[in-house]
């Protein structure tokens, strides 16, 4: 199984963007996570937000909450904390939030740049708000990552309270919505509230839209490996051994001839495709190594 890993590594260093190449080095070569902080800061605009297609399907240079989400996720993945950066991101998010602290994925200005077709389509999916409309997704996920950063901010307190009330009192049975909630479970300091949210996720996830409980994966969706990417994840007990093993076996089988993993949607262009494939390839080998399916030695 070393060949799976070696081919994936070659794909990452051949095709992935700098962020994923350096994350690979943090994961597998013992690189300092400081480099991830430097890369994320390079996406920051003068308004404090992050821009410049940090989410590869949205190519605009302007700051957008969805880019903040991706940047904070990278910092958490690398186990890197930067209080100054986190506070500046909170200031930006406060400037684009509604009265309850909720933020949209992005504003309409993003439509002036190339963007993936699925973002342009009217949505009726629960948990996904139209362009420019604030919602639980992505606000809850962003809050979770900011709690990992340990930052204190009025906007973060308001947004966190709003999201906790939403998931505990009127949750939506949709996998992305519940994944956002999982970031609160992971990083929220109030562990009693976090465990109550975990109970909601456990009850709703099996029948949620876009959740693929059993392999094989033949369409777009989230699997148990998104929620429990490592065996010691707090979410691992939600899934059977058969579910995890089946998805790991299926994940190995999805590796393509060039060493990378495919995406299952139409990106705006070739650069976006490779940027996403680099991300998905890194995710794949991190999960496979964590569960002992392949090794990196």
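The values are calculated or read from the model by the stated rules, or taken from the named source; none is laboratory data. Please read all numbers here as calculations on a predicted model, not as lab measurements. No Cβ is skipped: glycine too gets one built from the backbone with ideal geometry, and neighbour counts run over all protein chains shown.
In the set (1) surrounded by 15 or more Cβ atoms within 10 Å (Cβ to Cβ); (2) touching a residue at least 24 places away in the same chain (Cβ under 8 Å); (3) out of contact with any strand residue (DSSP E or B) (no Cβ under 6 Å at 6 or more places or on another chain); (4) over 19 Å from residue 13 (Cα atoms), the condition left unmet by residue 282 is number (4). Looking at 293, 193, just one residue is surrounded by fewer than 20 Cβ atoms within 10 Å (Cβ to Cβ) and under 25 Å from residue 69 (Cβ atoms), and that residue is 193.
Just name the residue that is surrounded by the most Cβ atoms within 10 Å (Cβ to Cβ) out of those in the range 54-71 that are without any contact (Cβ under 8 Å) to a residue 60 or more places away in the chain and not in a helix (DSSP H, G or I). Quick ask: steps written out before the conclusion?
As a first pass, look at the range 54-71 and keep what is without any contact (Cβ under 8 Å) to a residue 60 or more places away in the chain: 54-55, 60-64, 67, 70-71.
With the extra rule that they be not in a helix (DSSP H, G or I), the set shrinks to 54-55, 60-64.
On the way: 54: 25, 55: 27, 60: 20, 61: 14, 62: 18, 63: 26, 64: 29.
Top of the filtered list is 64.
Residue count for the range 98-127, restricted to those that are surrounded by fewer than 20 Cβ atoms within 10 Å (Cβ to Cβ) and either over 20 Å from residue 268 (Cβ atoms) or under 18 Å from the mean Cα position of the chain (by Cα) (or both): 9.
Quick one: which of 242, 186, 256, 266 is part of a helix (DSSP H, G or I) and either more than 22 Å from residue 145 (Cβ to Cβ) or at pLDDT below 95 (or both)? Show your work before the answer.
Working: 186 fails: either more than 22 Å from residue 145 (Cβ to Cβ) or at pLDDT below 95 (or both); 256 fails: part of a helix (DSSP H, G or I); 266 fails: part of a helix (DSSP H, G or I).
On inspection, the qualifying residue turns out to be 242.
Only residues that are buried (at least 18 other Cβ atoms within 10 Å of the Cβ) and more than 17 Å from the chain's Cα centre (by Cα) were counted across the range 72-85, and they come to 2.
Out of 102, 146, 89, one residue alone is at pLDDT 95 or above and more than 20 Å from residue 43 (Cα to Cα). It is 102.
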